[in-house]
């Protein structure tokens, strides 16, 4: 059986911007792992293929070790078991004969109880959108297989439909709000506890030691508090926890991440290679991002290669305790229904020292903020240079790319041509709303 | 109608808070007129507004002197079909 994850159309992916501008939805993180990893584990297969938006296909193919946008995976006679069979340094498809299970990545893995094996069945949500399609190999052969969208539409039209009540992720902040609970579930699923790394004394451990796992290669310096009283703490391989850090569970610290005297409040998922200082609460950091210094980040989702400048602080609770609204498209505010939502910060964004982010702020990918000490507007478009209180074109995207290259090279990662092509596409996609903001900024500049 | 040079000097004076008569074509925006990086961004934005043109950021920000800015803007205006008065009222510092 082959699992195929098919990314949502742009109008749905937009609910997960700015993070989803540069990655398929299943690469978003909640708890210990990505949504995709959870779905793959839940379905329990090694044969997995992906379909993503065309503009990111080449960039994603370079990262994913599985077929991307390759419609031959819809062919029932060929398969890529465990990614294929290596021959002369390449993965070569081999004959298997596969049933297919196509899944919408918004499906919550923990609630996805569709058996991998079974007769063909297409699960629809209330609006009639396909949440999954299990297609037996005999039926696969009867459907058009040139394009995945056509394949799914034909499956819906020709195969038995069922109403599915499986819950889905609707917005990017859903992941943030579910993170603490997901960490607890992931800790239980991982089934690990104990100390395999180095814990230098004196270190204080509160709560039940069974709720703590410190992986091999981890170094916990002296004068650290690990508090698992309200939830588990999982510190992954080669992480380093500096003195005066306090880690409250539920919490996941990713591989090779460093806490620098951080007040790591409950509900944080810190991806790999992050550097965390100051105070962070109920937030997700995708990975490779820095929040090195003081300042508070709460109920936020921070992408990759973000630098959060010293004393950058976000509000995650309005002073009247009303629900937080977020603008995902720069035009229309969406009521999150939650009283706690912080910032959504896209990949490669940079905030200057002293940046103050309002409750439910959106900072686009590649945005660069030079704060003036005032509270920022709630929507900063991607690739915007926010200077002197207004959105400008700044020094342009070329300069932002140079900075991104530099940031990545510092972690031995490479900025590639395919990645740049993807970002060029994102630049175009996000141009209308950015240009509107620039015009507004110009008007403000002229009246100064 | 003012020349491009006069208009460039007027915009520069407004953003950098200088007397327009003190600005010479050979002046460097950063070294002689004291433009900081943030003001360079404002200058490019205001030149675009003044002349109704769109400039490539990298090219625009590589322009160092007032005279070169006049030449650059004149070229962009020609390329983008924007009618302007002659670049200067007299000799400039172009090579």
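The numbers here are math on the coordinates, done by the rules we state, and not lab data. Everything quoted here is computed from the prediction, not taken from an experiment. Counting neighbours? That spans all protein chains shown, and the Cβs are built from the backbone with ideal geometry, glycine included.
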What percentages, rounded to whole numbers, describe P(r) for region A:2-170 computed over all alpha carbon pairs with 5 Å bin width beginning at zero? 1, 8, 18, 22, 23, 16, 8, 2, 0, 0
Packing-ranked peptide list from A:186-192, B:43-49, highest mean Cβ count within 10 angstrom first, is B:43-49, A:186-192
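Just to be sure I understand: if I project the alpha-carbon convex hull of chain B onto a plane and average over all orientations, what area do I get in nm²? Spell out each step's value before the answer.
Working: hull surface 22.4 nm².
Quarter of the Cα hull surface area: 5.6 nm².
Determine Rg/Rh for region A:173-376; Rg is computed over alpha-carbon atoms and Rh is the Kirkwood hydrodynamic estimate from the same atoms.
Numbers: Rg = 16.5 Å, Rh = 16.9 Å.
Ratio value, two decimals: 0.98.
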If you find the alpha carbon centre of region A:110-153 and of region A:381-414, how far apart are they in angstrom? 41 Å
Among region A:119-137, those whose backbone N falls under 14 Å of a label point 7 Å along Cα→Cβ from residue A:11 are A:127-130
Based on the Cβ-Cβ distance from residue A:405 to residue A:142, what FRET efficiency comes out when R0 is 41 Å, to the nearest 0.05? 0.25
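State the extension gain, in nm to one decimal, for the chain segment bounded by residue A:388 and residue A:153, taking 0.36 nm per residue of separation less the distance between their alpha-carbons. Walk me through the numbers on the way to the answer.
Values: separation 235, 0.36 × 235 = 84.60 nm, distance 4.97 nm.
Stretched fully, the residue A:388-residue A:153 segment lengthens by 79.6 nm.
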At each listed q (0.11 Å⁻¹), what is the log10 of I(q)/I(0) that the Debye formula gives for chain A modelled as equal alpha-carbon point scatterers? -0.90
Suppose the chain between residue A:208 and residue A:448 were pulled fully straight at 0.36 nm per residue; how much longer would it get relative to their current alpha carbon spacing? 80.4 nm
How large is the Rg to Rh ratio of region A:98-156 when both quantities use alpha carbon positions and Rh follows Kirkwood? 0.95
Report the relative contact order of chain A, percent, no decimals, based on alpha-carbon pairs under 8 angstrom and at least 6 residues apart. 10 percent
For peptides A:173-180, A:125-132, A:251-258, A:298-305, sequence by mean Cβ density within 10 Å, most packed first: A:298-305, A:251-258, A:173-180, A:125-132
Using only alpha carbon positions, build the gyration tensor of region A:303-448, then give the equivalent ellipsoid semi-axes as the square roots of 5 times its eigenvalues, largest first, whole angstrom. 25, 18, 15
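Please state the shape class of region A:220-295: rounded when a/c is under 1.5, otherwise prolate if a/b exceeds b/c and oblate if not, all from the C-alpha gyration tensor.
Numbers: a/c = 1.24, a/b = 1.13, b/c = 1.09.
Judged from the Cα gyration tensor, region A:220-295 comes out rounded (a/c under 1.5).
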Once you put a point 7 Å from the Cα of residue B:18 and another 7 Å from the Cα of residue A:219, both along the Cβ direction, what distance in nm separates them? 5.3 nm
If a paramagnetic tag sat 7 Å from the Cα of residue B:64 along the Cα-Cβ line, which residues of region B:16-33 would have the backbone N under 20 Å from that point? B:23-33
